[in-house]
1. Starting from the Cα-Cα distance between ARG12 and PHE232, subtract it from 0.36 nm times their residue separation and give me the gain in nm to one decimal.
2. Ignoring ligands, DNA and RNA, what percent of the accessible area of region 24-132 is carbon or sulfur (1.4 Å)?
3. Quick check: from the Cα gyration tensor, does region 1-94 come out rounded (a/c under 1.5), prolate or oblate?
4. Which of the lysines could a cross-linker bridge to LYS47, judged by Cα under 29 Å and excluding same-chain residues fewer than eight apart?
5. Roughly how many Å is it from the Cα centre of region 180-198 to that of region 122-166, as a whole number?
6. With contacts defined as alpha carbon pairs under 8 Å and 6 or more residues apart, what's the relative contact order of the chain in percent?
7. Among the aspartates and glutamates, which fall within straight-line cross-link reach of LYS249, defined as a Cα-Cα distance under 20 Å, with same-chain neighbours fewer than 8 residues apart omitted?
8. First measure r as the distance between the Cβ atoms of ARG50 and GLU128, then evaluate 1/(1 + (r/R0)^6) with R0 = 22 Å and state the FRET efficiency to the nearest 0.05.
Amino acid sequence: MFELPEYTILARQMNEALAGKTVQRGTLGNSPHKFVWYNRKPGEFEKLTRGKRVGAARVRGRWLTLDLDPGYRLLLGECGGRVLYHAPDAILPLKYHLLITFTDGSALSVMTTMWGAMELYETGRELERQYIKDMRVTPVDSEFTFKYFSTLIDELLQGEKRSVKSLLTQDQLIPGLGNAIAQDIMFNARLHPRRTLADLTPGQRRDLFAAIRDTVRDVTGQGGRNDEYNLFGKPGGYARIMDSNAAGKPCPECGHSVEKMQYLGGACYFCPKCQV
Ligand SMILES: [Zn+2]
C-alpha cells in the first residue's frame, strides 16, 4: 500500500508528466473489485471528465488529488498497486480500475491491490469527504512540530490506552503513515511496538517525533519504498530496515535476531534488544 512518501512521489511525477494534458476519455474499472470505491457511474465519469485539462496534483496523508479543470478533482486514496503513466503509443494494461486517455495518445491507469478510492468531485467538495474532512496535521506539514506532536500525545493520554504502533497506524492520528513505514520509524526511535504512550520518557517523545519526520523525509528522498512502483513503473530506492526480509536475521544495530509478531492488524518486525 502506498504511504505518504509514495503518494508524494506520484504527485510530483504527475505534475511533471501530466500537467496540461487534455482528457480524451475517462473510464472506470473493467476489472470488478468490491473494495474499490467509486462515487460516479462509468457513463457519468466519462462525461464529466471529457475535454478537461489536467492541473496540479496534491497530496494530504494517503490521499492524492489531481485537478481536472475546469471544475473537477480526481481523488485517489488509500490505494496500493499501480498508478502508471503510459507514453503515447505504449501498450495499455488490459485490466484496470481507472483509465484516463489523453488527446496526445498518452494515458494514466490505476490498478489497486487491496482497496482504494477513485472518486471525482466538484473542486473543493472532496474536502467534505470522510477521512479528508478534519484530517489532522501530517508529518510533512509545517505545523508538524514537536510542540504539536507532544500536545497530540497528551490529548491521546486522556483517552483509551494506546501503544506506539497504535499512534503510528490507527485512526489516522498521524495521517500518511502505514504499517510499512511505521516499522522503520519504531526501529529508528528504538521503541517497541507495544510500548504505551503513557510510558514514554520526554526524551523518547523527542526521539519518536524525530524518527517520524526523518524517516518520512528519508523514504521520500529515495523515491519511495523499493517494494512499490512510481508513476513510471520503476521501484523506489528505499530498502526497509524492518520487514519480512529482516525477520530472523541480525539487527543492523546490535546483531540480535529480528523478531516478528502479529499485533494490531498486521505483522511487526522489531529488535527485542534495541526496541524497548
Ligand atoms: Zn538490535
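The values are calculated or read from the model by the stated rules, or taken from the named source; none is laboratory data. A quick note: this is a predicted structure, and the numbers were derived from the prediction, not measured. Cβ coordinates were reconstructed from backbone atoms using ideal geometry, including for glycine residues, and neighbour counts include every protein chain displayed. Just so you know, the surface numbers come from the protein's heavy atoms only, side chains and all, with ligands and any DNA or RNA stripped out. Shrake-Rupley method; radii C 1.70, N 1.55, O 1.52, S 1.80 Å.
1. Length difference between fully extended and current span is 78.0 nm.
2. 55
3. Judged from the Cα gyration tensor, region 1-94 comes out rounded (a/c under 1.5).
4. LYS21, LYS34, LYS95, LYS133
5. Taking the Cα centre of region 122-166 as reference, the centre of region 180-198 is 18 Å away.
6. Relative contact order comes out at 18 percent.
7. ASP184, ASP227, GLU259
8. After rounding to 0.05, the efficiency reads 0.35.
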